[in-house]
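The structure appears right after this line, and notes come after that.
A short reminder: the numbers here are calculations on the coordinates, not readings from a lab. This structure is a prediction, so every number in the text was calculated from the model and none was measured. Quick reminder, even Gly has a Cβ in these numbers, built from the backbone with ideal geometry, and neighbours come from all protein chains shown.
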Amino acid sequence: MPAATRYLGKPLKRKEDPRLIQGLAHYVDDIVLPGLHHAAILRSPYAHAQIRSVDVSKAQSAPGVVLVLTGADLRGSIGAVPCAAQIPDMKAAPRPVLAHDRVRFVGEGVAVVVATDRYAARDAIDLIEVDYEPLTPVVDPEKALEKGSTVLYDGYKDNVAYRWELEGGDLKAAFKKADKVIKQRLVNQRLIPVAMETRGVVAEYKPGERQLTLWSSTQIPHLLRTQIASMLDVPEHSVRVITPEVGGGFGSKLNVYVEEALLGYLAMRLGKPVKWIETRRENMQGTTHGRDQIDDVEVAFKRDGTILGLRIHVIADLGAYYQLLTPLIPTLTGLMASGCYKIPAIRTEIIGVLTNKMSTDAYRGAGRPEATYLVERALDLVAAELKNDPADLRRKNFPKLEDFPYATPTGIIYDSANYPRSLDLALKMSDYKKLRQEQAKARKQGRCVGIGLSTYVEICAMGPSSAMPAGGWESATVRIEPSGMINILTGASPHGQGQETSFAQLGAEILGLEPDDVNVIHGDTSIVPYGIGTFGSRGTAVGGVAAYQSLMKLREKLAALAGFLLGEDPSKLVFADMKIFSKFQPKKSLAFGEVVAAAYSAKTLPPNMEPGLDATSFYEPKNFTFPFGAHVCVVEIDTETGDVRLIKYVAVDDCGNVLNPLLVEGQVHGGIVQAFGQAMLEEAVYDEQGQLITGELMDYAIPRASDMPWMETGRTVTPSPVNPLGVKGVGEAGTIGATPALANAVADALAPFGVRHVDMPFKRERIWKLMQKGSRRAK
Amino acid sequence: MIPAPFEYAAPKTLEEALRLVERHGDEAKILAGGHSLLPLMKLRLAQPRYVIDIGRLRGMSYIREENGHIAIGALTTHAEIESSNLLRAKCPLLAETAAAIGDVQVRNRGTLGGNLAHADPAADYPAALLALDVEIVAASTAGARTIPVNEFFLDMLTTALRPGEILSQVRVTPLAAHTGAAYEKLPQPASGFAIVGVAARLRLGKGGKIEDAGVGVTGLGPKAFRAEAVEKALRGKKASDKIFTDAARYAAQGVEPLADLHASADYRREMASVYTRRALKRAFARAQGKA
Amino acid sequence: MSAEIQVRVNGKSYESQIEPRLLLVHYLRDVLGLTGTHIGCETSLCGACTVLLDGKTVKSCTVLAVQASGSEITTIEGLSAQAPTNGNGLHPVQEAFWEKHGLQCGYCTPGMILASVELLRANPNPSQPEIRHALSGNLCRCTGYQHIVQAVEFAAKKMKSRKR
Ligand SMILES: Cc1cc2nc3c(=O)[nH]c(=O)nc-3n(C[C@H](O)[C@H](O)[C@H](O)COP(=O)(O)OP(=O)(O)OC[C@H]3O[C@@H](n4cnc5c(N)ncnc54)[C@H](O)[C@@H]3O)c2cc1C
Ligand code: FES
Ligand code: FES
């Protein structure tokens, strides 16, 4: 990135906002087509049952209803949900579009109704009669592993989806050398992503053109197109996926869902456009969930605080079926188990378990929050055991600056970092020493105050293709139109991250224009070149680099052309103020538009130069990037009620170079609050029958404005050597760094009650019970 | 989430409404602010054949002084109660309780009458109204009758209202001199309803003696109730932290607490005591003219 | 069965024949085509469907369209007509959300903005805790709320200076 910039690194207001703040944007449900029909889906009320029969006759003759289909009707017509993650010896658990013989979670689709309006479709659902034969539901993943447990799939002996292990370093030696070993079970509860916009699909089929157009609220339009074409067995070029405005994803829209294929099928079958908008209840039950790991951790360390080894055993509850990346997510935990520490030996064993629940899959952080959580909790357990300050213990175990690029025993290479610097800044911003003094005072007064710390590293810019099931590159086409206006077409598919603005900043910077001259187009597979999508904090660190490369290609071409027209060496030309001019003889200058016009009129082109201004790049990253940071927070617990109040939050994040600090800050805030949700409030609770009892926002609490204190954010900048922009990515930092800081604070607060660890979420009653037990013990 | 079809009527006068309610009996539901009924209808847990919208009845939304008490019309919204100067001056407990309900948008729609008639075990007003010992007026084609609040809540979602009756008014006695009252609520984190809510009213005599006490508890059991054992333990005693703590221990006496995802029976029972003590302490401070 | 309603929405009068069970949010979105009002939860918790009904915020997923008959409704599309704008067609609260990056995916934003408008009308100079409290009926999963709080503070300042 150039040293002095005009737009890059500046907090520009977002270009996407005017339409959003005026209600003029279009999300899926805002799309209306002539003759639009509406679909509604009947879903299983049982977690596990055999379908004996489905009677749709009443529904079929209900007013407004044009079509009712059951799973049996669809058998063989639509392929199963694809799973891109393959783990050796993994059992198959494909999800049919509608269940035809057996249902395996509450919310699984059994029949679909298409009617002329929403209300009629909904009414008809109540008229379908299904005869179920209930089977024993398998809900608890540990019980699912027991001998004699009901098995989800006929033909399998057990519910083990797969076993996976990763070992690096000499673990035996590490544990032998250790002065001490601490064991702890850590539960990373099941979460529901709750994007504020639920999913939705509109499908339209034009038989003449043989064109199926699918509007879907997705993070991955191109991958979706490929998969839908395959599920429906139509040529890929006859499918077009358009991603309109997307109201949040957080990983839950990084998938291929049954409804997307089903709606495509219905539109083709009926020759009518059809819309399906997920209800919130359907969203809670049937859009992918996140986390759900039971992690048994053993940490081996020396008396001086040196961590020697980690042994991790993970039970990952995958749910009933595989979605796109379901089996893969827990393995990311294994990859990132070193945290930001030099741990010589690590072994991770994962058992993926099938249960009668919704599938788990990527959720903001996807496997890495679990890793950070277990490493950070382990460090605090060691610090508590050794009566060390957690900050000191961390510092002791950081790799040295000269260790970078640092290879972990888990087989990945951290690109660049300065962990002590971010920790120091966080300690300074929070006035950590004083916090500890105040805590001591508060404890004397009988108050229950805890300070929590986390230092984290995460893996972003997903990622080199070798490590990604469907490729890890990204594409961008830049088109300079004859009028001099710029279109950047990105294969990334932003949905709130602000790349319409940051990419425009990039374009304006490189070409010497104004951001308003640069338009960013995304999310339409017929317009934008094939791309991978937006997830894994890759929008800027991969997609942005692709845009950068295409912009640089065109800059070079323009420089060559302007040099030719001006009689100047292209390498001496400057792009600024809508002009291209000589650095040393500023009078040798052409308006940007003049050079563009020359490229299109093609009358005075240098020999061998093609007309036009259009460049496409497919950027393949050499490595992941590894953002990092340090978070400090303070909680106070009401000793009578167990109510945990967050009273201070300081976050220092390092995501390399920053294109727009406003956007980075927004990502950090949002991530921290989502982490707060996991730590304090959120948990998808299934009862013994496999009913999701947190099936509405009436029962599943997500953070509100009034839950949060002011968050102070700070930043250090360690550019990534992996890409020319030096950017790392920031979309998931908050959920990765903040959850352990909050958990460590709560454990710290409860230490006087003899509590070493408490599992999330820190609901009042859970904390209250621990305090009751603790004070009884003290008596 | 879409309600099942129904027939709709929006009478303009109470008489007309009462006739409709009487005519359709069980098949009809009265609709006031709709913030309890419509959620049930959207879930299709309620599928009335007729909906009688009383929201357009004239003259049912008011807060005024009448013969020494304050009369509140059944259609008065939570927001109106929250911001009423008359209530803030003469019975601030009601305004404080209204402010604890849901959120701004809910308070703009929900009505006092609807809240009481619905008798949600986790609703807030019932605690305050029990502590204040109000009277509830029920209208029917046969005329109006008055029901003491203590006899109003019968069970979960069940009140003393008879078929054909419309709750028309709540009558509140203004707080006497040297009286303080407070509402303390432990909200369910997702919905905001009360896991436990306690309203306390204390009238002090000479030397800090508690002459009268009213304590209403909501959220704990299937219906809101007056914590008579707490009141009894307070009456005639000299106010002190200790007496509040001791009395608050009886908050859950004789009640089988509810249990759900958000709070076990044990926790609810315990919190009833904690919140009772907190409400008493604040009521006491206010009775002394503090806070 | 159908019912007739008359409403004024964003200053325009409409008469419609509708089913009594039609929710106000569906009336606005599907009948009038005003899709700026969103649906996030359907259980009156998220506030995405917030509109001004006779000047007060309500959750339009929990109001029947028939209940709104005879009323004046303002949706996000009509908000800018409600206050002196800066010549850019934006209400000061809209401007403030833009200025302070008070939105990411934008889904909660129309409801958030209308809730903020109501807050500032009742309390032109709110403190941060007051802002957070007043917005507790509106959920946002993206922003972490801090920039929203800042936007409301900024709007308050702006509206004061414009009144002068
Ligand atoms: C998101 C949300 C959060 C909420 N949080 C809280 C909270 O924290 N605390 C709390 O107390 N409440 C809460 N509520 C409920 C709210 O206060 C309701 O408004 C109230 O309970 C019902 O009043 P209503 O006017 O909306 O009644 P409606 O929903 O119209 O009616 C409710 C019931 O009462 C009957 N009814 C209504 N009026 C009369 C009458 N005058 N005479 C006879 N019967 C009548 C109806 O037939 C119906 O059965 C919440 C509601 C929502 C949607
Ligand atoms: S959709 Fe109305 S409050 Fe959420
Ligand atoms: S900006 Fe996405 S929900 Fe608020």
**OP:** Apply the Karplus parameterisation 6.51 cos²θ - 1.76 cosθ + 1.60, with θ equal to phi minus 60°, to every residue of the range A:238-252 and state each ³J(HN,Hα) to the nearest whole Hz, in sequence, with x for glycine and proline.
**Re:** 9, 10, 10, 10, 10, 9, x, 4, 10, x, x, x, 6, x, 6
Subject >> Candidates B:GLY113, B:GLY33, B:GLY207, ranked by Gaussian network fluctuation over chain B, Cα under 10 Å, top entry >> reply: B:GLY207
Original post:
Given the C-alpha centroids of the range C:97-150 and the range A:472-532, what is the distance between them in whole angstrom?
Top reply: 30 Å
Original post:
Residues with beta-carbon under 10 Å from that of A:ALA630, excluding A:ALA630: net charge, scoring Lys, Arg +1 and Asp, Glu -1?
Top reply: -1
Subject >> Rg(Cα)/(2.2 N^0.38 Å) for the range A:419-544, N = residue count >> reply: 1.62
Original post:
Amide H to amide H under 5 Å from B:LEU258: which residues, 5+ apart in sequence or cross-chain, H placed 1.01 Å off N in plane?
Top reply: B:GLY221
Original post:
Over the Cα atoms of chain A, what Rg and Dmax result, in angstrom?
Top reply: 27.5, 94
**OP:** Could you list which residues have their amide H under 5 Å from that of B:THR76, counting only those 5 or more apart in sequence or on another chain, with H placed in the peptide plane?
**Re:** B:TYR62, B:LEU112, B:GLY113
Subject >> Inter-part distance where the range A:160-204 and the range A:290-320 are each reduced to a Cα centre, Å >> reply: 8 Å
**OP:** Provide a whole-number value for the mean count of partner chain Cβ atoms within 10 Å of the Cβ atoms in peptide B:191-198.
**Re:** 2
Original post:
On the first, second and third principal axes, largest extent first, how far apart are the outermost C-alpha atoms of chain B in Å?
Top reply: 59, 46, 32
Original post:
Hey, what D do you get for the range C:83-163 in µm²/s if you plug the Kirkwood alpha-carbon radius into Stokes-Einstein at 25 °C and 0.890 mPa s?
Top reply: 199 µm²/s
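Only Lys, Arg, Asp and Glu count, each charged at its Cβ (+1, +1, -1, -1), so figure out the dipole size of chain B about its Cα centre, rounded to 20 debye.
My answer is approximately 920 debye.
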Original post:
Among A:SER466, A:SER252, which comes first, second and so on when ranked by fewest other beta-carbon atoms within 10 Å?
Top reply: A:SER466, A:SER252
**OP:** Quick one: compute a quarter of the convex hull surface over the Cα atoms of the range C:3-75 and quote it in nm².
**Re:** 4.0 nm²
Subject >> Dimensionless Rg over Rh [the range B:183-287; C-alpha; Kirkwood] >> reply: 0.99
Original post:
Where a ≥ b ≥ c are the square roots of the eigenvalues of the C-alpha gyration tensor, would you call the range A:1-90 rounded, which needs a/c under 1.5, or, failing that, prolate if a/b is larger than b/c, or oblate?
Top reply: oblate
Subject >> Compactness of the range B:7-53 as Cα Rg over 2.2 N^0.38 Å, two decimals >> reply: 1.10
Subject >> Cα-Cα over 28 Å, subset of A:LYS177/A:LYS400; B:LYS42/C:LYS56; A:LYS444/B:LYS281; A:LYS253/A:LYS728; A:LYS10/C:LYS56 >> reply: A:LYS10/C:LYS56
Original post:
Taking R0 as 30 Å, what's the FRET efficiency between C:GLN17 and A:ARG210 from their Cβ-Cβ distance, rounded to 0.05?
Top reply: 0.15
Original post:
Of B:ALA71, B:VAL134, B:ASN115, whose Cα points farthest to the positive end of the dipole of the range B:63-172 (charges on the beta-carbon: +1 Lys, Arg; -1 Asp, Glu; origin at the Cα centre)?
Top reply: B:ALA71
Original post:
How many percent of Cα pairs in chain C exceed 25 Å?
Top reply: 29 percent
**OP:** Go ahead and collect, in residue order, the members of the range A:156-199 whose backbone nitrogen is under 17 Å from a label point 7 Å along the Cα-Cβ direction of A:ASP89.
**Re:** A:156-167
Subject >> Residue mean of other protein chain beta carbons inside 10 Å, B:33-46 >> reply: 4
Subject >> Square roots of five times the Cα gyration tensor eigenvalues for the range A:612-729, Å >> reply: 37, 22, 13
**OP:** Work out the charge dipole of chain B with +1 on the Cβ of Lys and Arg and -1 on the Cβ of Asp and Glu about the Cα centre, then indicate which of B:GLN47, B:GLY289, B:PHE225 is farthest towards its positive end.
**Re:** B:GLY289
Subject >> For B:THR159, distant residues with modelled amide H under 5 Å away >> reply: B:LEU154
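Helix-only estimate, please: 222 nm mean residue ellipticity of the protein assembly as shown, summing -39500 (n - 2.57) across DSSP H runs of length 4 or more and dividing by its residues, to the nearest 500.
Taking each H run of at least 4 residues, the total per residue is -8500 deg cm²/dmol.
DSSP beta bridges in chain B, what fraction antiparallel, as a percent rounded to 5? Walk me through the numbers on the way to the answer.
Details: 43 of 50 bridges.
Expressed as a percentage, antiparallel bridges in chain B total about 85.
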**OP:** Within 10 Å, count the other beta carbons around each residue, average over each peptide in A:758-770, A:177-189, A:721-733, and list them highest first.
**Re:** A:721-733, A:758-770, A:177-189
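Calculated FRET efficiency, A:LYS587 and A:ASN487, Cβ-Cβ r, R0 35 Å, to nearest 0.05?
Efficiency, rounded to the nearest 0.05: 0.65.
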**OP:** Arrange A:GLU165, B:GLU184, A:GLU376, C:GLU19 by Cβ neighbour counts within 10 Å, fewest through most, would you?
**Re:** A:GLU165, C:GLU19, B:GLU184, A:GLU376
**OP:** Would you mind ranking B:LEU112, B:LEU204 so that the residue whose beta carbon has the fewest other beta carbons within 10 Å leads the list?
**Re:** B:LEU204, B:LEU112
